[in-house]
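Heads up, the thing below is written out as structure tokens.
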Amino acid sequence: MTPNKEDYLKCIHELGEQNGKISNKKIAEMMQVSAPAVSEMIKKMIAEELIVKDKTLGYYLTKQGLLVVSDLYRKHRLIEVFLVNHLHYTADDIHEEAEVLEHTVSTTFIDRLDQMLGFPRFCPHGGTIPPKGELLVEINQTTLGNIKKLGHYQLSRVHDDFKLLKYLEEHHLAMNSQIELLTIDDFAQTYHISYDNQTLTIPKIIAEQIYVNPI
Ligand SMILES: [Zn+2]
């Protein structure tokens, strides 16, 4: 399937959450498409005022672009809740299904789904579901990688990434688990945690994709 404009907008949005300039090359890498394909789509999106080119940031989304992305997240995450709660999918195999459906379902379908599900606020990965017509503001924003203080935390959100979900599953670390942060090793760049009578040393690169709340 060739990625469409909505996928490009989501890609630029995700790259914007990391540090560094968003270049055509970065977009091409993340989307696994050719450089000319990126240039062509970028031109279209600038013309439609969905993105802006900036000297330091590379590209960023306009309010209009952000609203398109928020609506996609709303669809994606409501579909995820539906798949998990009603069709008994597990949290790590819903992504692909939701990825396809988010581009095909109508607004009416999603509004009714939202109502049927009781207006859930979070997806099964802890991501915030933006209310209709509003911008996405992630409620769970603090990653384990940002934490400086040892103590007790709850796992509130994880990046919706297949390898990460597999890693967490292998270590029996589930969403909403209560963990204790035992040590932070600044030199080795690791976080040593305990939960359910076991311990785990998490590298910083993974700790940055796991969100926690103090308890
Ligand atoms: Zn999710």
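The values are calculated or read from the model by the stated rules, or taken from the named source; none is laboratory data. Just so we're clear, the structure is a prediction, and the values are computed from it rather than from any experiment. Ideal geometry is used to build each Cβ from the backbone, glycine not excepted, and the neighbour counts take in all protein chains shown.
So here's what we get for this one:
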quantity: Residue count for the range 141-164, restricted to those that are at pLDDT 90 or above, surrounded by 20 or more Cβ atoms within 10 Å (Cβ to Cβ), in contact with a helix residue (DSSP H, G or I) (Cβ under 9 Å, 6 or more places away or on another chain) and not hydroxyl-bearing (Ser, Thr, Tyr); calculated: 3
quantity: Lys25 vs. criteria more than 16 Å from the ligand (Cβ to nearest atom) and at pLDDT below 90; calculated: no
quantity: Check on Thr90, surrounded by 13 or more Cβ atoms within 10 Å (Cβ to Cβ) and among the hydroxyl-bearing types (Ser, Thr, Tyr); calculated: no
quantity: Test: residue in the range 62-77 that is outside any helix (DSSP H, G or I), away from the ligand (no atom under 16 Å from the Cβ) and not hydroxyl-bearing (Ser, Thr, Tyr); calculated: no
quantity: Qualifying positions in the range 15-54 - of a type outside the set (D, E, K, R), exposed (fewer than 13 other Cβ atoms within 10 Å of the Cβ) and within 30 Å of Glu208 (Cα to Cα); calculated: Gln18, Asn19, Gly20, Gln32, Ser34, Ala35
quantity: Output for the range 194-215, where each listed residue is in contact (Cβ under 8 Å) with a residue 60 or more places away in the chain and not in a helix (DSSP H, G or I); calculated: Glu208, Gln209, Ile210, Tyr211, Val212, Asn213, Pro214, Ile215
quantity: Of all residues making up the range 79-115, the number that are over 16 Å from Glu6 (Cβ atoms), touching a residue at least 12 places away in the same chain (Cβ under 8 Å) and among the hydrophobic types (A, V, I, L, M, F, W, C); calculated: 7
quantity: Count of the range 123-134 residues which are at pLDDT 95 or above and of a type in the set (A, V, I, L, M, F, W, C); calculated: 1
